[in-house]
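To start, the structure itself, in structure tokens.
Read-outs throughout are calculated quantities, based only on the coordinates presented, and are distinct from any laboratory measurement. For clarity, every value in this text was computed on a predicted model and none was experimentally measured. Counting neighbours? That spans all protein chains shown, and the Cβs are built from the backbone with ideal geometry, glycine included.
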Amino acid sequence: MELILKYFPKLTDLQKQQFASLLPLYKEWNEKINVVSRKDIDNLYLHHVLHSLAIAKLITLKPGASFLDLGTGGGFPGIPLAIFFPNSKFTLIDGTGKKIKVVEEVANAVGLENVTALHQRVEEHKGKYDFVISRAVTDLDQLLRWSRKLISTNHQHTLPNGLITLKGGKIEEEIKALGKKEYTEIYKLRKWFDDPFFDEKMLIYVQG
């Protein structure tokens, strides 16, 4: 928790409680369903929670913002962002039912009323959202193909609606595959977080 407060010192008492409850909850569920690498569970706050919250460094939202977390896995980045943005609505989808079960149980235990979890493939999903978010699900061009029909054209935030994805490693070829017509911004996470874990981590925004 100290790690989260280092970068987000203005959390409410409720948010602090909610973030603090994530580690015991994920440890308990990870024993039943492997949603986080068992070697990595002790790094939950650095590798998963803080990584997810990089998106909160990028955007300022009006109340009622809507997000689709595409391929959420165990609930990242959706659950940390739902805690951080309690006045926004988050829909978390994944094609693996066991993972969605964990998402539902964690969201309920933390008291997140702004989270809907669905066992569903993105190709089947219908809806409109301000932002589609994801974390290392697939290549950018595929993400954009899936996302475009799901992004609302009603822009109301400081950042126009679009796709926001967290990536690692070399992404030059993925950016090139998008083509010059796509407006894209790339942010290195070391801009916001000073831990070496983020050296090769990036946030990619593509306007919808």
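Here are some notes:
- For region 68-85, the criterion of being surrounded by fewer than 16 Cβ atoms within 10 Å (Cβ to Cβ) and either closer than 20 Å to residue 167 by Cβ or of a type in the set (S, T, N, Q) (or both) is met by no residue.
- Scope region 54-67; condition surrounded by 22 or more Cβ atoms within 10 Å (Cβ to Cβ) and of a type in the set (A, V, I, L, M); matching residues: 54, 55
- Of all residues in region 171-193 being under 20 Å from the mean Cα position of the chain (by Cα) and in a loop (DSSP other than H, G, I, E, B), the one that is surrounded by the most Cβ atoms within 10 Å (Cβ to Cβ): 193
- From the list 52, 66, the lone residue that is in contact with a helix residue (DSSP H, G or I) (Cβ under 9 Å, 6 or more places away or on another chain), touching a residue at least 40 places away in the same chain (Cβ under 8 Å) and not hydrophobic (A, V, I, L, M, F, W, C) is 52.
- Members of region 67-92 that are within 10 Å of the chain's Cα centre (by Cα) and part of a helix (DSSP H, G or I): 78, 79, 80, 81, 82
- Number of the condition not met by residue 96 [criteria: (1) surrounded by fewer than 19 Cβ atoms within 10 Å (Cβ to Cβ); (2) of a type outside the set (Gly, Ala, Ser); (3) closer than 18 Å to residue 136 by Cα; (4) touching a Gly at 6+ places or on another chain (Cβ under 7 Å)]: (4)
- Only residues that are among the β-branched types (Val, Ile, Thr) and within 19 Å of the chain's Cα centre (by Cα) were counted across region 142-160, and they come to 2.
- A count restricted to region 106-140 and to residues that are crowded, with 17+ Cβ neighbours inside 10 Å and in a helix (DSSP H, G or I) stands at 5.
- Members of region 157-190 found to be out of contact with any strand residue (DSSP E or B) (no Cβ under 9 Å at 6 or more places or on another chain) and at negative phi, listed by number: 158, 170, 172, 173, 176, 177, 180, 181
- Of all residues in region 141-156 being among the aliphatic types (A, V, I, L, M) and within 17 Å of residue 65 (Cα to Cα), the one that is surrounded by the fewest Cβ atoms within 10 Å (Cβ to Cβ): 150
- Exactly one residue out of 178, 189, 150, 203 is over 21 Å from residue 54 (Cβ atoms) and among the hydrophobic types (A, V, I, L, M, F, W, C): that is 150.
- Scanning region 41-98 for residues that are over 17 Å from residue 11 (Cβ atoms) and among the polar types (S, T, N, Q) yields a count of 5.
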